[in-house]
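Undergrad: Starting off with a structure, shown below.
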Amino acid sequence: MSRTIKRGVPPKRPTPRRKQPVQKTSLFARTVGRLPVSEQTVKRAVTWTITGAAGAAIVATLMWFGVPGMIGGALAESAGQAGLKVEQIEITGLKRMDRMSVYAVALEDKRNETSMMAVDLEGIRQRLLRYGWIADAHVSRRLPDTLLIDIVERTPAAVWQDRGQLTLIDASGVLLEAVRPDAIPDLPLVIGPGADRQEAAYQTLLEAAPALKPRVKAATWVGNRRWDLTFESGEVLALPEEGAPKALVTFAELDGQRPLLGRGWLRFDMRDPAKLVARKPGMNQNHALADPAENGVEPADTTDDGNSAVGTAAEG
(Lines give C-alpha, C1' and ligand atoms only; values in the text may rest on other atoms or scores of the structure.)
Protein backbone atom coordinates (compact mmCIF):
# COMPACT_ATOMS: atom_id res chain seq x y z
CA MET A 1 0.00 0.00 0.00
CA SER A 2 1.11 3.45 -0.67
CA ARG A 3 0.68 6.57 1.49
CA THR A 4 0.08 9.95 -0.02
CA ILE A 5 2.04 12.75 1.54
CA LYS A 6 0.74 16.26 1.09
CA ARG A 7 3.47 18.70 0.48
CA GLY A 8 3.54 22.37 1.42
CA VAL A 9 1.24 22.05 4.45
CA PRO A 10 3.17 22.51 7.72
CA PRO A 11 2.10 20.41 10.70
CA LYS A 12 -0.11 22.10 13.32
CA ARG A 13 1.60 23.21 16.53
CA PRO A 14 -0.21 23.14 19.94
CA THR A 15 -1.64 26.50 21.02
CA PRO A 16 0.23 27.87 24.05
CA ARG A 17 -1.83 28.36 27.26
CA ARG A 18 -2.50 31.88 28.46
CA LYS A 19 -1.00 32.86 31.77
CA GLN A 20 -3.61 33.32 34.50
CA PRO A 21 -3.26 36.59 36.47
CA VAL A 22 -2.14 36.12 40.07
CA GLN A 23 -4.89 37.15 42.51
CA LYS A 24 -3.67 39.30 45.36
CA THR A 25 -5.31 38.70 48.78
CA SER A 26 -5.70 41.65 51.14
CA LEU A 27 -4.49 41.61 54.74
CA PHE A 28 -8.12 41.85 55.96
CA ALA A 29 -9.13 38.82 53.88
CA ARG A 30 -6.17 36.79 55.10
CA THR A 31 -7.03 37.74 58.71
CA VAL A 32 -10.68 36.81 58.23
CA GLY A 33 -9.60 33.54 56.66
CA ARG A 34 -7.89 32.55 59.88
CA LEU A 35 -10.99 33.21 61.99
CA PRO A 36 -13.36 30.32 62.88
CA VAL A 37 -16.30 32.23 61.36
CA SER A 38 -17.34 33.03 57.83
CA GLU A 39 -16.54 36.27 56.08
CA GLN A 40 -20.23 37.10 55.86
CA THR A 41 -20.57 36.83 59.66
CA VAL A 42 -17.63 39.18 60.17
CA LYS A 43 -19.08 41.71 57.73
CA ARG A 44 -22.44 41.64 59.50
CA ALA A 45 -20.75 42.16 62.88
CA VAL A 46 -18.84 45.16 61.54
CA THR A 47 -22.02 46.59 60.07
CA TRP A 48 -23.92 46.24 63.37
CA THR A 49 -21.01 47.77 65.28
CA ILE A 50 -21.00 50.82 63.07
CA THR A 51 -24.77 51.05 63.28
CA GLY A 52 -24.69 50.73 67.10
CA ALA A 53 -22.05 53.44 67.41
CA ALA A 54 -24.12 55.74 65.26
CA GLY A 55 -27.22 54.93 67.31
CA ALA A 56 -25.37 55.67 70.56
CA ALA A 57 -24.27 59.00 69.20
CA ILE A 58 -27.86 59.84 68.26
CA VAL A 59 -29.14 58.82 71.70
CA ALA A 60 -26.45 60.92 73.40
CA THR A 61 -27.46 63.90 71.30
CA LEU A 62 -31.13 63.41 72.17
CA MET A 63 -30.29 63.13 75.85
CA TRP A 64 -28.33 66.38 75.62
CA PHE A 65 -31.45 68.14 74.39
CA GLY A 66 -33.68 66.38 76.95
CA VAL A 67 -35.73 64.44 74.42
CA PRO A 68 -35.90 61.16 76.46
CA GLY A 69 -37.13 63.12 79.47
CA MET A 70 -39.85 64.74 77.41
CA ILE A 71 -40.84 61.38 75.97
CA GLY A 72 -40.87 59.82 79.44
CA GLY A 73 -42.98 62.66 80.77
CA ALA A 74 -45.40 62.30 77.91
CA LEU A 75 -45.68 58.56 78.51
CA ALA A 76 -46.21 59.09 82.24
CA GLU A 77 -48.89 61.69 81.54
CA SER A 78 -50.59 59.32 79.12
CA ALA A 79 -50.49 56.57 81.76
CA GLY A 80 -52.10 58.93 84.25
CA GLN A 81 -54.83 59.82 81.79
CA ALA A 82 -55.37 56.08 81.27
CA GLY A 83 -56.11 55.70 84.98
CA LEU A 84 -52.69 54.58 86.35
CA LYS A 85 -52.67 56.97 89.29
CA VAL A 86 -51.58 56.53 92.90
CA GLU A 87 -54.77 55.61 94.70
CA GLN A 88 -53.39 53.57 97.63
CA ILE A 89 -50.24 53.51 99.76
CA GLU A 90 -49.43 50.33 101.69
CA ILE A 91 -46.86 50.68 104.51
CA THR A 92 -45.27 47.70 106.27
CA GLY A 93 -42.60 47.38 108.95
CA LEU A 94 -43.75 50.23 111.20
CA LYS A 95 -43.64 49.54 114.94
CA ARG A 96 -42.89 52.85 116.64
CA MET A 97 -42.65 55.53 113.95
CA ASP A 98 -45.66 57.73 113.14
CA ARG A 99 -47.46 56.37 110.08
CA MET A 100 -48.65 59.80 108.98
CA SER A 101 -45.04 60.94 108.60
CA VAL A 102 -44.47 58.20 106.03
CA TYR A 103 -47.66 59.15 104.18
CA ALA A 104 -46.53 62.78 104.09
CA VAL A 105 -43.21 61.82 102.49
CA ALA A 106 -44.86 59.55 99.92
CA LEU A 107 -47.35 62.26 98.89
CA GLU A 108 -44.87 65.13 98.94
CA ASP A 109 -44.32 64.93 95.18
CA LYS A 110 -47.38 66.28 93.36
CA ARG A 111 -46.56 64.08 90.36
CA ASN A 112 -47.85 61.14 92.37
CA GLU A 113 -51.34 62.54 91.86
CA THR A 114 -50.86 62.36 88.09
CA SER A 115 -49.38 58.99 87.25
CA MET A 116 -47.90 55.87 88.81
CA MET A 117 -45.13 55.97 86.22
CA ALA A 118 -44.08 59.46 87.34
CA VAL A 119 -43.42 58.44 90.95
CA ASP A 120 -39.76 58.93 91.91
CA LEU A 121 -39.20 55.76 93.95
CA GLU A 122 -35.60 56.52 94.89
CA GLY A 123 -36.51 60.09 95.78
CA ILE A 124 -39.14 58.85 98.25
CA ARG A 125 -36.65 56.40 99.74
CA GLN A 126 -33.99 59.08 100.26
CA ARG A 127 -36.48 61.39 101.96
CA LEU A 128 -37.56 58.58 104.28
CA LEU A 129 -33.96 57.87 105.27
CA ARG A 130 -33.75 61.38 106.73
CA TYR A 131 -35.91 60.20 109.63
CA GLY A 132 -33.87 58.83 112.54
CA TRP A 133 -36.26 55.95 113.10
CA ILE A 134 -35.75 54.57 109.59
CA ALA A 135 -32.65 52.43 109.05
CA ASP A 136 -33.71 51.44 105.52
CA ALA A 137 -36.70 51.60 103.20
CA HIS A 138 -37.84 49.85 100.03
CA VAL A 139 -40.29 51.64 97.72
CA SER A 140 -42.00 49.96 94.74
CA ARG A 141 -45.08 50.06 92.53
CA ARG A 142 -47.90 47.55 92.29
CA LEU A 143 -49.90 48.38 89.22
CA PRO A 144 -52.35 49.68 88.56
CA ASP A 145 -52.65 52.09 91.50
CA THR A 146 -50.71 51.05 94.65
CA LEU A 147 -47.45 52.36 96.09
CA LEU A 148 -45.66 49.89 98.40
CA ILE A 149 -43.35 51.12 101.19
CA ASP A 150 -41.51 48.67 103.44
CA ILE A 151 -39.76 50.24 106.45
CA VAL A 152 -36.86 48.84 108.50
CA GLU A 153 -36.90 50.62 111.87
CA ARG A 154 -34.01 51.16 114.26
CA THR A 155 -34.17 49.65 117.75
CA PRO A 156 -33.96 52.07 120.71
CA ALA A 157 -31.08 51.26 123.07
CA ALA A 158 -30.86 54.15 125.54
CA VAL A 159 -32.12 57.59 126.54
CA TRP A 160 -29.66 60.45 126.13
CA GLN A 161 -29.93 63.40 128.54
CA ASP A 162 -28.17 66.63 127.60
CA ARG A 163 -28.92 70.13 128.88
CA GLY A 164 -32.22 68.97 130.29
CA GLN A 165 -33.39 67.43 127.02
CA LEU A 166 -34.19 63.73 126.76
CA THR A 167 -33.76 61.90 123.45
CA LEU A 168 -34.20 58.29 122.48
CA ILE A 169 -31.13 56.85 120.67
CA ASP A 170 -30.21 53.52 119.11
CA ALA A 171 -27.10 51.41 119.78
CA SER A 172 -25.01 53.47 117.36
CA GLY A 173 -26.11 56.79 118.85
CA VAL A 174 -28.58 57.81 116.13
CA LEU A 175 -31.19 60.21 117.50
CA LEU A 176 -34.69 58.76 117.21
CA GLU A 177 -37.14 61.08 118.94
CA ALA A 178 -37.61 63.34 121.95
CA VAL A 179 -38.76 61.78 125.23
CA ARG A 180 -41.07 63.40 127.76
CA PRO A 181 -39.76 63.40 131.35
CA ASP A 182 -42.95 61.72 132.53
CA ALA A 183 -42.69 58.96 129.92
CA ILE A 184 -39.09 57.77 130.07
CA PRO A 185 -38.87 54.18 128.78
CA ASP A 186 -37.15 51.43 130.74
CA LEU A 187 -33.79 51.89 129.02
CA PRO A 188 -30.28 52.85 130.17
CA LEU A 189 -29.73 56.58 130.67
CA VAL A 190 -26.58 58.20 129.28
CA ILE A 191 -25.86 61.75 130.37
CA GLY A 192 -23.69 64.56 129.10
CA PRO A 193 -22.46 66.19 125.88
CA GLY A 194 -21.19 63.57 123.44
CA ALA A 195 -22.64 60.65 125.39
CA ASP A 196 -24.87 59.79 122.44
CA ARG A 197 -21.83 59.20 120.25
CA GLN A 198 -20.36 56.89 122.92
CA GLU A 199 -23.35 54.57 123.14
CA ALA A 200 -21.65 51.70 121.28
CA ALA A 201 -18.55 51.95 123.48
CA TYR A 202 -20.77 52.15 126.58
CA GLN A 203 -22.55 48.93 125.67
CA THR A 204 -19.17 47.24 125.18
CA LEU A 205 -18.10 48.49 128.61
CA LEU A 206 -21.15 46.97 130.32
CA GLU A 207 -20.63 43.66 128.54
CA ALA A 208 -17.29 43.36 130.36
CA ALA A 209 -19.13 42.88 133.67
CA PRO A 210 -22.49 41.16 132.96
CA ALA A 211 -23.30 40.82 136.67
CA LEU A 212 -23.27 44.60 137.13
CA LYS A 213 -25.04 45.51 133.88
CA PRO A 214 -28.64 45.17 135.20
CA ARG A 215 -27.70 47.18 138.29
CA VAL A 216 -26.49 50.25 136.36
CA LYS A 217 -29.16 52.94 136.27
CA ALA A 218 -27.33 55.71 134.39
CA ALA A 219 -23.94 56.64 132.97
CA THR A 220 -22.45 60.12 132.73
CA TRP A 221 -19.87 60.90 130.06
CA VAL A 222 -17.42 63.19 131.89
CA GLY A 223 -15.14 65.65 130.13
CA ASN A 224 -15.60 63.79 126.86
CA ARG A 225 -13.10 61.19 128.09
CA ARG A 226 -14.48 58.82 130.77
CA TRP A 227 -17.60 57.38 132.48
CA ASP A 228 -19.25 57.76 135.87
CA LEU A 229 -21.71 54.90 136.47
CA THR A 230 -24.71 55.36 138.76
CA PHE A 231 -26.18 52.18 140.24
CA GLU A 232 -29.81 51.57 141.16
CA SER A 233 -28.80 51.55 144.83
CA GLY A 234 -27.53 55.14 144.44
CA GLU A 235 -23.73 54.74 144.42
CA VAL A 236 -21.56 56.37 141.76
CA LEU A 237 -18.50 54.60 140.35
CA ALA A 238 -15.86 56.82 138.72
CA LEU A 239 -14.02 54.83 136.07
CA PRO A 240 -10.61 55.72 134.63
CA GLU A 241 -10.09 57.16 131.18
CA GLU A 242 -7.89 54.23 130.16
CA GLY A 243 -8.74 50.64 131.01
CA ALA A 244 -12.34 51.26 132.06
CA PRO A 245 -13.52 47.71 131.22
CA LYS A 246 -10.73 46.19 133.33
CA ALA A 247 -11.53 48.51 136.24
CA LEU A 248 -15.22 47.58 136.05
CA VAL A 249 -14.35 43.88 136.13
CA THR A 250 -12.18 44.48 139.20
CA PHE A 251 -15.04 46.30 140.92
CA ALA A 252 -17.42 43.45 140.09
CA GLU A 253 -14.97 40.94 141.60
CA LEU A 254 -14.66 43.00 144.80
CA ASP A 255 -18.42 43.35 145.03
CA GLY A 256 -18.73 39.60 144.58
CA GLN A 257 -16.29 38.86 147.38
CA ARG A 258 -17.73 41.35 149.87
CA PRO A 259 -20.76 43.34 148.69
CA LEU A 260 -20.08 47.03 148.12
CA LEU A 261 -23.34 48.08 146.54
CA GLY A 262 -26.32 48.68 148.79
CA ARG A 263 -24.16 49.12 151.87
CA GLY A 264 -24.53 52.87 152.26
CA TRP A 265 -21.51 54.03 150.30
CA LEU A 266 -21.92 57.26 148.36
CA ARG A 267 -19.16 57.08 145.76
CA PHE A 268 -16.40 54.77 144.55
CA ASP A 269 -13.40 56.12 142.64
CA MET A 270 -11.22 53.85 140.51
CA ARG A 271 -9.35 56.51 138.54
CA ASP A 272 -6.20 55.44 140.37
CA PRO A 273 -5.51 51.88 139.14
CA ALA A 274 -3.73 51.00 142.41
CA LYS A 275 -6.69 51.52 144.73
CA LEU A 276 -10.41 51.97 145.13
CA VAL A 277 -11.38 55.10 147.03
CA ALA A 278 -14.76 54.94 148.77
CA ARG A 279 -16.75 57.66 150.49
CA LYS A 280 -19.76 57.34 152.76
CA PRO A 281 -22.02 60.29 153.65
CA GLY A 282 -22.37 61.39 157.27
CA MET A 283 -19.22 59.54 158.34
CA ASN A 284 -15.69 60.78 158.80
CA GLN A 285 -12.53 58.88 158.19
CA ASN A 286 -12.23 57.49 161.72
CA HIS A 287 -15.69 55.94 161.67
CA ALA A 288 -14.99 54.31 158.32
CA LEU A 289 -11.76 52.82 159.60
CA ALA A 290 -13.13 51.80 162.97
CA ASP A 291 -15.54 49.19 161.72
CA PRO A 292 -14.72 48.36 158.06
CA ALA A 293 -16.27 44.90 158.22
CA GLU A 294 -19.67 46.49 158.83
CA ASN A 295 -19.54 47.94 155.36
CA GLY A 296 -17.90 44.99 153.68
CA VAL A 297 -14.78 47.03 152.84
CA GLU A 298 -11.25 46.86 154.14
CA PRO A 299 -9.64 50.31 153.92
CA ALA A 300 -5.98 50.15 152.96
CA ASP A 301 -5.01 53.75 153.59
CA THR A 302 -6.54 57.22 153.79
CA THR A 303 -6.81 60.22 151.52
CA ASP A 304 -6.55 63.92 152.17
CA ASP A 305 -10.24 64.58 151.55
CA GLY A 306 -11.51 62.20 154.26
CA ASN A 307 -12.36 59.36 151.89
CA SER A 308 -11.47 55.74 152.62
CA ALA A 309 -8.96 54.12 150.30
CA VAL A 310 -9.75 50.48 149.70
CA GLY A 311 -7.13 48.07 148.35
CA THR A 312 -7.96 46.54 144.99
CA ALA A 313 -7.04 43.26 143.35
CA ALA A 314 -4.34 45.11 141.45
CA GLU A 315 -2.35 45.49 144.65
CA GLY A 316 -2.17 41.74 145.16
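The values are calculated or read from the model by the stated rules, or taken from the named source; none is laboratory data. Quantities reported herein were computed from a predicted structural model and do not represent experimental measurements. A quick note on method: Cβ atoms are made from the backbone with ideal geometry, for glycine too, and the neighbour counts reach across all protein chains shown.
Undergrad: Looking at this structure, is VAL152 in contact with a strand residue (DSSP E or B) (Cβ under 8 Å, 6 or more places away or on another chain) and at pLDDT 95 or above?
TA: In short, yes.
Undergrad: Can you find a residue that is part of a helix (DSSP H, G or I), surrounded by 11 or more Cβ atoms within 10 Å (Cβ to Cβ), hydroxyl-bearing (Ser, Thr, Tyr) and modelled with pLDDT of 85 or more anywhere in segment 82-102?
TA: Yes, segment 82-102 contains a residue that is part of a helix (DSSP H, G or I), surrounded by 11 or more Cβ atoms within 10 Å (Cβ to Cβ), hydroxyl-bearing (Ser, Thr, Tyr) and modelled with pLDDT of 85 or more.
Undergrad: So ALA244 passes all but one of these: (1) out of contact with any Lys or Arg (no Cβ under 7 Å at 6 or more places or on another chain); (2) surrounded by 19 or more Cβ atoms within 10 Å (Cβ to Cβ); (3) more than 14 Å from ALA211 (Cβ to Cβ). Which condition number does it fail?
TA: (1)
Undergrad: Can I ask one more? Please enumerate the residues belonging to segment 103-119 that are of a type in the set (D, E, K, R) and surrounded by fewer than 14 Cβ atoms within 10 Å (Cβ to Cβ). Working first, answer last.
TA: Of segment 103-119, the ones of a type in the set (D, E, K, R) are 108-111, 113.
Answer for segment 103-119, where residues must be of a type in the set (D, E, K, R) and surrounded by fewer than 14 Cβ atoms within 10 Å (Cβ to Cβ): GLU108, LYS110, GLU113.
Undergrad: If we keep just the residues of segment 248-284 that are in a strand (DSSP E or B) and among the basic types (Lys, Arg), which is modelled with the lowest pLDDT?
TA: By that ranking, first place goes to LYS275.
Undergrad: Here's another thing I want to ask about it. Can you pull out every residue in segment 128-186 that is in contact (Cβ under 8 Å) with a residue 40 or more places away in the chain, β-branched (Val, Ile, Thr) and surrounded by fewer than 20 Cβ atoms within 10 Å (Cβ to Cβ)?
TA: THR146, VAL152, VAL174
Undergrad: List every residue pair whose Cβ atoms lie under 8 Å apart, where the two residues are 6 or more positions apart in sequence or sit on different chains, the first residue falls within segment 272-288 and is surrounded by fewer than 13 Cβ atoms within 10 Å (Cβ to Cβ), and the second residue, located anywhere, is at pLDDT below 80.
TA: Pairs that qualify, where the first residue is surrounded by fewer than 13 Cβ atoms within 10 Å (Cβ to Cβ) and the partner is at pLDDT below 80, are ALA274/THR312; ALA274/ALA314; ALA274/GLU315; ASN284/GLY306.
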